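*Asks:* My questions will all concern the structure given below.
The values are calculated or read from the model by the stated rules, or taken from the named source; none is laboratory data. This is a predicted model, so every value here is computed, not measured. We place every Cβ from the backbone using ideal geometry, glycine too, and count neighbours over all the protein chains shown.
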Amino acid sequence: MELQVAGRSPLDKLVEFYDFKDINRAVDDSDKGTAIKPVLRTRSAAAPPPPAEDSRR
């Protein structure tokens, strides 16, 4: 953690984010070595959370 805070850890260069719909590209990039740690996102950060279901049904 200290290395990351000091800017001496390339963590941001090791992680690559992909939308879930691009899962095949994430796997291909991992196999080719162009993405060291592919991370899949299931929905965008800007998307609002789904509405809560009415539990009284």
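*Asks:* If you take the residues in the stretch 13-37 that are in a helix (DSSP H, G or I) and in contact with a strand residue (DSSP E or B) (Cβ under 7 Å, 6 or more places away or on another chain), which one is nearest to L3 (Cα to Cα)?
*Replies:* Residue satisfying both the conditions and the ranking: L14.
*Asks:* May I pose another question? In the stretch 26-57, what residues are of a type in the set (K, R), over 13 Å from the mean Cα position of the chain (by Cα) and modelled with pLDDT of 75 or more?
*Replies:* The one that is of a type in the set (K, R), over 13 Å from the mean Cα position of the chain (by Cα) and modelled with pLDDT of 75 or more: K32.
*Asks:* Here is a further query. Can you pull out every residue in the stretch 26-40 that is surrounded by 13 or more Cβ atoms within 10 Å (Cβ to Cβ) and out of contact with any helix residue (DSSP H, G or I) (no Cβ under 7 Å at 6 or more places or on another chain)?
*Replies:* A26, V27, D28, D29, S30
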